[in-house]
Amino acid sequence: VVSLPTIKLPPEGADRYRNLVVSIPVSGRRWVEYVELRPGSRTAVHHARMMIDTTTSSAELAADDPEPGFDGMALLRNATNPPGHFIGWTPAQTRLEPLEGMAWPLEPGTDLVVQLHLRTTGEAEEVAAEVAFHFADEPAARRPAVLVISSLVIDIPPGEAQYAVSNSFTLPVDVELLSVYPHAHFLGKDLQAYAVLPDGRERSLIHIPDWDFDWQDDYRFARPVFLPAGTQIVKRFTYDNSAANPRNPSEPPRRVVYGSNSDDEMADLILQVLPRNGSDREVLLQAQAWQHESEDMAYLAHVEHAAGAAALAEGDLEAATRRFQEALQYRADHVPSLVGLARIFGLRGDWSSSLLIARQAELMSGGSDHLAYEVLSAAHAGLGDATAARAAAEQGLVLARAAGDDALVEAFEVRLACPPPAWEGLV
């Protein structure tokens, strides 16, 4: 049993994510069969997560902080899940028996890192968490892997009752799916995941139609689910940011984006899978790393675009241009930023540049983005090509109707109602 430093929590205040670090006292390699995470308080601790660090990086962060541990949900440097395992604690979590032959190695000099999500209770609390390690007598015979299908681009408008977040991961190798753990915050409503098999058949993996942030668990399948290579694991989470949602922490509802606090939102699907062999495991983890890199770049592009859109709304074309260009450094195919740049060049009267970028936006969207056709139509009109401007507006109108963008539908309809000669110079 490893005791963690005690945290003193005030009666009131914002949520905190505190990462506690302590050396694990083992003198030789041990094989961990399972772990008990004892949070120290079932009222102040909303949930907890356990990681390990085989370097000194987490200890250095803790040493630089005057309080026990260090703050933040986004763990820095080298703290990771134990190989093939995601270890956490939530209230009322089911105690599962350890899976045979799947112990993980614990080396001497390893630091334990426990992340506590702390919420004030109205009274001063002292939180003294512990972690109990249960060891196996035999080395691991099987090596599972943890997959995390996450979404960072979350931006839920106030009042939106059906905001959907969806993405997927395609398995490059055969696996057995052992368990599934979905995670969202207060606005989560309908959480589901399913597998699309290579032959097109769908298999439900989990569906929680009435998600409760205060009631989470890791769900293990009674029998492992075989998923062949080429299977697409699809995650679709729906959020309710309306006043009718009794769990909405904001009154009135406010805009909610990705973040670690309880009144932010997240969209994670965590899966434990068992590949056939070690080489398949490495292929799987590399594919997951590539996807995470792509998702990180998409998120950074989203953040830069949001800043650029705000600058554009304020009329600061220079700042907006810089932000959109920065977004495109992260993702060259970021269509909203291409649209923003095309619009800026149009405002400056440089219709040739606007047309070039609008065409790129159309290409990168696969012809599916109505805003790309808006700037494309405007650029053609600015260059005096009424025929091309009308054709782009007609296609944009179809897409805007499908997207439910009523304001742009009306704008396209007004433009298309003009007689052809009036298209020259109409922007």
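Observations, loosely collected:
- Restricting segment 344-364 to residues that are of a type in the set (S, T, Y) and open to solvent by 20 Å² or more (accessible area, probe 1.4 Å), the residue that is farthest from the chain's Cα centre (by Cα): S352
- Flag if A400 is in contact with an Asp or Glu (Cβ under 9 Å, 6 or more places away or on another chain), open to solvent by less than 20 Å² (accessible area, probe 1.4 Å), modelled with pLDDT under 95 and within 25 Å of D333 (Cβ to Cβ): yes
- Flag for P105 being within 28 Å of Q291 (Cβ to Cβ) and either part of a strand (DSSP E or B) or open to solvent by 10 Å² or more (accessible area, probe 1.4 Å) (or both): yes
- The set of residues in segment 65-84 that are under 28 Å from S27 (Cβ atoms) and open to solvent by 30 Å² or more (accessible area, probe 1.4 Å) comprises P68, L75, R77, N78, T80, N81, P83.
- 2 or more residues polar (S, T, N, Q): qualifying strands (runs of 3 or more DSSP E) within segment 156-218: 163-170
- Single unsatisfied condition, V45 versus (1) in contact (Cβ under 8 Å) with a residue 24 or more places away in the chain; (2) out of contact with any Lys or Arg (no Cβ under 9 Å at 6 or more places or on another chain): (2)
- Only one of the numbered conditions (1) more than 24 Å from H183 (Cα to Cα); (2) touching a residue at least 60 places away in the same chain (Cβ under 8 Å); (3) open to solvent by less than 30 Å² (accessible area, probe 1.4 Å) is violated by I149, and that is (1).
- If the condition is being in a strand (DSSP E or B) and open to solvent by less than 30 Å² (accessible area, probe 1.4 Å), then segment 246-290 contributes V256, E265, D268, L269, I270, L271, Q272, V273, L274, P275.
- Among the residues here, G384 qualifies as touching an Asp or Glu at 6+ places or on another chain (Cβ under 8 Å), surrounded by fewer than 18 Cβ atoms within 10 Å (Cβ to Cβ) and at pLDDT below 95.
- Total residues in segment 320-343, condition in a helix (DSSP H, G or I) and surrounded by fewer than 18 Cβ atoms within 10 Å (Cβ to Cβ): 4
- Residue among E130, E60 that alone is farther than 19 Å from R281 by Cβ, without any contact (Cβ under 8 Å) to a residue 40 or more places away in the chain, open to solvent by 50 Å² or more (accessible area, probe 1.4 Å) and of a type in the set (D, E, K, R): E60
- Filtered residue count, segment 110-129, keeping only those that are of a type outside the set (A, V, I, L, M, F, W, C) and modelled with pLDDT of 95 or more: 2
The values are calculated or read from the model by the stated rules, or taken from the named source; none is laboratory data. Quantities reported herein were computed from a predicted structural model and do not represent experimental measurements. Counting neighbours? That spans all protein chains shown, and the Cβs are built from the backbone with ideal geometry, glycine included. Heavy atoms of the whole protein, side chains included, go into the accessibility calculation; ligands, DNA and RNA do not. Shrake-Rupley method; radii C 1.70, N 1.55, O 1.52, S 1.80 Å.
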